[in-house]
Amino acid sequence: AQIDYDISKNSDLIKTFRINGVLVSNQEFVGNINSVFFDTDDISIISGPPLIRRKYLNILLSQINNDHVKNLQRYQKVLFQRNSLLKNIKDGKSNEIEIEFWDNRLSEEAANIFFERNKIIKTIKNSSNQFAKNFNKNIDLNIKYLPKVGRNLENKFLDSEPSISEIKLIFYESLKKNHSRDIEQRITTIGPHRDDFDIIFNNSPAGITASRGQSRIISLSLKLSEAKEIRNVTKRNPILILDDIFSELDEKMREKVVSEIIDFDQILLSTADIALIDKTKIKEGKYFSISDGVIKNN
């Protein structure tokens, strides 16, 4: 298969996607090239806002489930309609009874997203902990899904694995209970768009207790778990794109990182200091340098 991605710059930025020469939509293009990108900013998965952790889950799920992108897009459209109605109800332009239709629609779309996130977190929880222990045996990593389904209902996801129909009912009842608050705030206050997950490091929140070096190991472990799951589900090795991965790591840790990534088919490594890469460990690699905008084959 030949996969092309074109960018045309005229008055507007236009992106086009082709598979074997045939134009396809953005939705159809997603998942055809599986890649996992890591850079130093990825420690924000640990210490950053929930939006970053939701993005991590969305990217992973979109690469292993072609329907996930469509589910997210449908959910966002229904969420927009419900929020518009909430504003009209608050302004006296609509009747509160109209919200029941959108409660039902939002519950349908949200249930699939909640279900897939719950399932994938249970998977990466185990693999990320194993990767982290391979890097540092003193690290114990755990991940706890925090679905925004309503007050104190996340325990239903911790103690069991509710079905899509069960999740829909739970979320629908929670939406009904939140009508007054949603109308007052003019927004939908619960749902997958408010989801989060806790990263627990040695029984404490990683965002508070993990050092920068430990956070780097944890975020890399999450990314490698992403790559592992993509490989397990798609039966294809994703491209690993690792930007400045070896900075702030000692020689022993760099060797451990190489041992974890070396069995992937295609790896793109970038570094500002080539001495950080042990060429005896990556024997078949091709090396390039960039200076003054010129690429040289070393």
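The values are calculated or read from the model by the stated rules, or taken from the named source; none is laboratory data. Model, not experiment: these values are computed from the prediction. Note: ideal-geometry Cβ built from the backbone for every residue, glycine included; neighbour counts use all protein chains shown. In case anyone asks, the SASA skips ligands and DNA or RNA and just uses the protein heavy atoms, side chains included. Shrake-Rupley method; radii C 1.70, N 1.55, O 1.52, S 1.80 Å.
Here, the stretch 142-210 has an Rg and a Dmax of 14.1, 41 Å when only alpha carbons are counted.
Remark: accessible surface ordering of ASP42, ASP103 (largest first) is ASP42, ASP103, probe radius 1.4 Å. Amide H contacts for ASP195 (H built 1.01 Å from N in the peptide plane; partners 5 or more residues away or on another chain; cut-off under 5 Å): LYS148. For the stretch 58-195, the solvent-accessible area of protein heavy atoms averages 50 Å² per residue (probe radius 1.4 Å; ligands and nucleic acids excluded). For LYS223, the accessible area of its heavy atoms, probed at 1.4 Å with every protein chain present, is near 20 square angstrom.
Only Cα sites of the chain enter the Debye sum here, all with the same form factor; the resulting log10 I(q)/I(0) across q = 0.14 1/Å is -1.14, listed in q order. For the modelled label position 7 Å from the Cα of ASP243 along Cα-to-Cβ, which residues of the stretch 37-75 have backbone nitrogen atoms closer than 11 Å? Hits in the stretch 37-75 for ASP243 at 11 Å: 37-42. Helices in the chain, meaning DSSP H runs of at least 4 residues, each add -39500 (n - 2.57). Divided by all residues, the mean residue ellipticity at 222 nm is -16000 deg cm²/dmol. Put a dot 7 Å past the Cα of LYS93, heading toward its Cβ, do the same for GLN76, and the two dots end up 2.3 nm apart.
Taking every pair of alpha-carbon atoms in the stretch 176-298, give the share separated by more than 16 Å as a whole percent. Counting every Cα pair in the stretch 176-298, those more than 16 Å apart make up 73 percent. Per-residue surface analysis assigns TYR145 an accessible area of about 10 Å², computed on protein heavy atoms at 1.4 Å probe radius. A full extension of the chain between ARG186 and ASN126 corresponds to an added length of 17.7 nm, given 0.36 nm per residue minus the alpha carbon distance. Carbon-plus-sulfur accessible fraction, the stretch 116-185 (probe radius 1.4 Å, protein heavy atoms only): 43%. Please give the residues of the stretch 129-171, grouped as numeric ranges, whose backbone N is less than 15 Å from a label point set 7 Å along the Cα-to-Cβ vector of SER204. Those under the cut-off are 139-142.
Treating r as the C-beta distance of LYS119 and LEU169 and R0 as 22 Å, the FRET efficiency rounds to 0.75. In order along the stretch 226-242, phi translates into HN-Hα couplings of 4, 4, 4, 5, 4, 5, 5, 7, 8, 6, 10, 6, x, 6, 8, 10, 10 Hz, rounded to whole numbers, per the Karplus curve 6.51 cos²θ - 1.76 cosθ + 1.60 with θ = phi - 60° and x for Gly and Pro. Dipole size of the stretch 181-245 about its Cα centre, with +1 on Lys/Arg Cβ and -1 on Asp/Glu Cβ: approximately 280 debye, rounded to the nearest 20. Modelled this way, with points 7 Å down the Cα-to-C-beta line, the labels at ASP140 and GLU100 are 5.0 nm from one another. Taking 0.36 nm per residue of separation and subtracting the Cα-Cα distance, full extension of the segment from LYS281 to LYS296 would add 3.2 nm. When nucleic acids and ligands are ignored and a 1.4 Å probe is applied, THR16 ends up with an accessible area of around 40 Å².
Quick one: among LEU106, LEU268, LEU60, which has the greatest mean-square fluctuation in a GNM of the chain with alpha-carbon springs under 10 angstrom? Highest fluctuation among the options: LEU268. Compactness of the stretch 189-230 was expressed as the Cα radius of gyration divided by 2.2 N^0.38 Å, which yields 1.40.
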